[in-house]
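Undergrad: Below are the structure tokens for one structure; questions will follow.
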Amino acid sequence: MRMFHCDQCGHLVFFESVQCVHCGAELAYLPDSDTVAALQVDPAADAEKGHYQRYRPPHEHGTGLNAKSDAPQHYRMCANRVQHQICNFAIPAEDPHRVCSACRQTLVLPDLSVEGNTLRWRKLEAAKRQLYYTLARLGLHPQEPGWSPHYQFLADVPGSPVITGHASGLITINIAEADDDERVRRRVALHEPYRTLLGHLRHESGHFFWDKLVRDGGELESFRQLFGDERQDYQQALQSYYANPPNYAQWSPNFVSAYASAHPWEDWAESWAHYLHLVDLLETAASYNTRLCVPETAAPPAVQVEDPFSQPPPSFEAMVAQWVPVTLLLNSLNRSLGQLDAYPFALSGGALHKLRYVHALVHRPHPLHAQGAGLLSPATPPLQAP
């Protein structure tokens with residue numbers, strides 16, 4: 001994700017920051033203006049209401065407390081920050097909700113009286129806010145009614161294990177996934193190269209957006225041309241996958257992961273998650289003004305990483321050309337610290353076709369980009385599978 005700077009001192013700050021380590025300014029992410037801002041208590045407001053104003057240098061309009069012209073003047077911290085130190089979002093002071101639009105997505109919490117559950121909840125919400133940010137940057141605004149998944153974070157009970165998954169707009173996450181040792185145990189047991197909280201959320205959000213962009217967007221035929229027929233029995237497909245897991249040579253030519261080969265829905269969700277990996281990592285690299293080349297014998301020209309959210313955005317081919325050297329560098333840096341590869345994948349031509357499809361579907365007009373009904377415009381032709 002891109003870097004930010006403290007309004008008060010200009011020091012580098014991050015999406016998750018709650019305080020500037022350089023000047024001590026209190027920070028919050030403002031979803032309405034997509035930035036991390038320095039906030040100060042509003043002296044003109046009732047102190048008990050916890051109202052803040054965005055910092056502005058004293059030479060601007062004669063005070064350091066005037067709000068930016070492109071943002072609401074008054075803010076409140078999300079109640080989950082005030083009460084639990086969970087969130088770093090702020091909301092407009094006139095908003096009737098106690099918690100921010102990201103926290104409102106969570107409908108069910110684990111029992112916070114159980115030791116460790118507050119920490120698990122904190123980790124889950126941090127990953128969820130990162131997903132929220134990326135979806136908003138892609139124009140899939142999480143605050144729009146009907147265009148946001150909801151979440152329940154549940155704990156296993158004897159005889160009733162929690163299965164992470166998606167159903168009818170509700171994403172369920174087993175809070176045990178927030179424990180590093182348990183998550184690694186499951187990754188090893190399932191022979192997975194990668195398993196993270198953010199990866200889970202990106203994958204499950206893919207199921208949600210399959211409903212919105214493919215099923216309800218009139219793209220079933222183009223989807224089936226590339227991913228296969230999703231009407232095949234889902235439970236039977238999963239049982240077959242786990243009973244006879246494919247080897248690398250079987251799945252790698254056409255899928256981003258072994259699990260993607262289990263069923264067309266999982267193929268889509270894994271491709272969706274990988275596309276979010278791609279745009280998030282490239283945005284971060286571009287934020288650092290990254291320029292690099294692979295040190296081969298006949299080295300190609302250096303690649304300047306572009307922001308995937310710039311206007312106009314780079315082409316999918318340009319993004320992939322930047323993605324490859326960035327992931328090589330990322331993995332090499334991890335190995336130099338004795339860590340496993342951060343991105344343990346090598347995308348084949350078949351897998352890239354599917355990511356290109358995701359890219360095209362995200363960037364074509366949909367109800368959040370244009371006026372009209374709840375489906376894609378009838379005048380928009382269906383996608384053609386590569």
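Undergrad: So how many residues does segment 176-210 have that are assigned to a helix (DSSP H, G or I) and among the polar types (S, T, N, Q)?
TA: Going through segment 176-210 one residue at a time, the tally reaches 1.
Undergrad: Name the residues in segment 91-125 that are under 15 Å from residue 173 (Cβ atoms), open to solvent by 40 Å² or more (accessible area, probe 1.4 Å) and in a helix (DSSP H, G or I), would you?
TA: Correct list: 119, 120, 122, 123.
Undergrad: Something else about it: So, in segment 126-161, exactly how many residues are part of a loop (DSSP other than H, G, I, E, B) and either closer than 23 Å to residue 277 by Cβ or touching a residue at least 60 places away in the same chain (Cβ under 8 Å) (or both)?
TA: The qualifying residues number 11.
Undergrad: Let me ask something additional. Would you say residue 31 is modelled with pLDDT of 90 or more, open to solvent by 10 Å² or more (accessible area, probe 1.4 Å) and either polar (S, T, N, Q) or within 30 Å of residue 176 (Cα to Cα) (or both)?
TA: yes
Undergrad: Kindly check whether there is at least one residue in segment 186-193 that is open to solvent by 50 Å² or more (accessible area, probe 1.4 Å), of a type outside the set (Ser, Thr, Tyr), within 16 Å of the chain's Cα centre (by Cα) and within 24 Å of residue 256 (Cβ to Cβ).
TA: no
Undergrad: Which condition breaks for residue 166 when tested against (1) open to solvent by 40 Å² or more (accessible area, probe 1.4 Å); (2) out of contact with any Pro (no Cβ under 8 Å at 6 or more places or on another chain); (3) not aliphatic (A, V, I, L, M)?
TA: Here residue 166 meets the rest and fails (2).
Undergrad: Here is a follow-up. If I filter segment 317-339 for residues that are surrounded by 15 or more Cβ atoms within 10 Å (Cβ to Cβ), within 25 Å of residue 211 (Cβ to Cβ) and either without any contact (Cβ under 8 Å) to a residue 12 or more places away in the chain or in contact with an Asp or Glu (Cβ under 9 Å, 6 or more places away or on another chain) (or both), do I get at least one hit?
TA: Within segment 317-339, none of the residues are surrounded by 15 or more Cβ atoms within 10 Å (Cβ to Cβ), within 25 Å of residue 211 (Cβ to Cβ) and either without any contact (Cβ under 8 Å) to a residue 12 or more places away in the chain or in contact with an Asp or Glu (Cβ under 9 Å, 6 or more places away or on another chain) (or both).
Undergrad: Would you point out the residue of segment 213-229, among those that are assigned to a loop (DSSP other than H, G, I, E, B) and in contact with a helix residue (DSSP H, G or I) (Cβ under 8 Å, 6 or more places away or on another chain), that is most open to solvent (accessible area, probe 1.4 Å)?
TA: The qualifying residue most open to solvent (accessible area, probe 1.4 Å) is 229.
Undergrad: Looking at 271, 240, 257, which is the one that is hydroxyl-bearing (Ser, Thr, Tyr) and not in a helix (DSSP H, G or I)?
TA: It is 257.
Undergrad: Hey, any hits in segment 230-239 for a residue that's modelled with pLDDT of 95 or more and surrounded by 19 or more Cβ atoms within 10 Å (Cβ to Cβ)?
TA: Taking every residue of segment 230-239 in turn, at least one turns out to be modelled with pLDDT of 95 or more and surrounded by 19 or more Cβ atoms within 10 Å (Cβ to Cβ).
Undergrad: Report, by residue number, each residue of segment 203-223 that is over 25 Å from residue 277 (Cβ atoms) and at pLDDT 95 or above.
TA: If the condition is that a residue be over 25 Å from residue 277 (Cβ atoms) and at pLDDT 95 or above, then 220, 221 are the ones that fit.
Undergrad: Right, something else. Select from segment 198-212 the residues that are closer than 10 Å to residue 171 by Cβ and of a type outside the set (D, E, K, R) and list them in ascending order.
TA: 200, 201, 203, 205, 207, 208
Undergrad: Follow-up. Given the conditions (1) touching an Asp or Glu at 6+ places or on another chain (Cβ under 9 Å); (2) without any contact (Cβ under 8 Å) to a residue 60 or more places away in the chain, report the number of the one that residue 175 does not fulfil.
TA: (2)
Undergrad: Oh, and also: Are any residues in segment 278-296 among the hydroxyl-bearing types (Ser, Thr, Tyr) and assigned to a helix (DSSP H, G or I), and if so, which ones?
TA: Listed by number, the residues that qualify are 284, 287.
Undergrad: I've got another one for you. Need pairs with beta-carbon distance below 7 Å; first residue open to solvent by less than 20 Å² (accessible area, probe 1.4 Å) and within segment 275-302, second hydrophobic (A, V, I, L, M, F, W, C) and assigned to a loop (DSSP other than H, G, I, E, B); sequence gap 6+ or separate chains.
TA: Going by the 7 Å Cβ cut-off, the qualifying pairs are 280/1; 282/305; 283/1; 283/309; 285/305.
The values are calculated or read from the model by the stated rules, or taken from the named source; none is laboratory data. What you see is a predicted model, and the numbers here were worked out from it, not measured in a lab. All Cβ positions, glycine included, derive from the backbone under ideal geometry; neighbour counts span all protein chains shown. Just so you know, the surface numbers come from the protein's heavy atoms only, side chains and all, with ligands and any DNA or RNA stripped out. Shrake-Rupley method; radii C 1.70, N 1.55, O 1.52, S 1.80 Å.
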